[in-house]
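Each value in this text was obtained by applying a stated rule to the coordinates, not by laboratory testing. What you see is a predicted model; the values in this text were computed from it and never measured. Cβ placement follows ideal geometry from the backbone for every residue including glycine, while neighbour counts extend to all protein chains displayed.
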């Protein structure tokens with residue numbers, strides 16, 4: 001007989017976006033998976049979410065450049081499905097990836113993918129960053145010419161340089 005599984009205690013709207021609050025067990029598992037990812041994966045230096053100064057540091061990296069471009073990924077967390085979380089966790093050697101992905105996702109209030117990372121969970125920021133940086137987008141950013149400055153802070157990707165010719 002199937003058992004109803006819910007990884008959060010309650011949810012609410014904040015600035016029109018759904019936020020999910022994990023229960024005590026969900027928080028415990030969230031901190032556990034966050035620690036496991038921190039041990040298993042070294043984020044690139046241009047990923048500022050986990051660095052002191054965060055978004056301010058990400059912007060300061062570009063202040064002396066002539067040309068600046070910023071990309072904002074809309075509904076970033078809710079666009080990352082459970083299967084992508086499982087794949088990213090497996091790719092870095094985390095055991096029980098399915099278990100952690102199930103505890104890290106909720107029924108998506110936006111539809112597709114069916115289960116996605118929510119705003120509000122302890123592990124959502126690191127899992128979203130892991131999925132992004134282990135995806136083709138992460139590979140593309142790592143492959144950009146060294147004369148381009150790049151920074152990633154959550155769902156914001158910024159690129160800058162001194163000439164249009166330096167662009168990818």
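For the chain, the relative contact order comes to 31 percent (Cα pairs under 8 Å, sequence separation of at least 6). Stretching the chain fully between residue 110 and residue 163 yields a gain of 15.2 nm (0.36 nm per residue, less the alpha carbon separation). Where both bridge residues fall in the chain, DSSP classifies roughly 90% of the beta bridges as antiparallel.
Stretched out straight at 0.36 nm per residue, the stretch from residue 139 to residue 102 would grow longer than its current Cα-Cα span by 10.7 nm. Computed from the coordinates I sent, P(r) over Cα pairs in 10 Å bins from 0, in percent equals one of (i) 8, 22, 19, 15, 13, 10, 6, 3, 2, 2, 1, 0; (ii) 10, 37, 28, 17, 7, 0; (iii) 10, 36, 33, 16, 4, 1, 0. Tell me the label. Computed from the coordinates, P(r) over Cα pairs in 10 Å bins from 0, in percent corresponds to (iii).
Rg and Dmax of the range 113-168, both derived from C-alpha coordinates alone, stand at 14.1, 42 Å.
Could you give the angle, 0 to 90 degrees to the nearest 10, between helix 82-91's Cα long axis and the longest principal axis of the Cα atoms of the chain? Taking Cα atoms only, the helix is inclined about 70 degrees. A simple packing score, the average count of other Cβ atoms within 10 Å per residue, orders the peptides 66-73, 122-129 as 122-129, 66-73, with the highest score first.
Mean sequence separation of contacting Cα pairs (under 8 Å, at least six apart), scaled by the length of the range 1-88, corresponds to a relative contact order of 12 percent.
Distance between the C-alpha centres of the range 70-148 and the range 23-60: 12 Å, rounded to the whole angstrom. Given a Förster distance of 22 angstrom, what is the FRET efficiency for residue 25 paired with residue 92, based on the Cβ-Cβ distance and rounded to 0.05? For residue 25 and residue 92, the calculated efficiency is 0.40.
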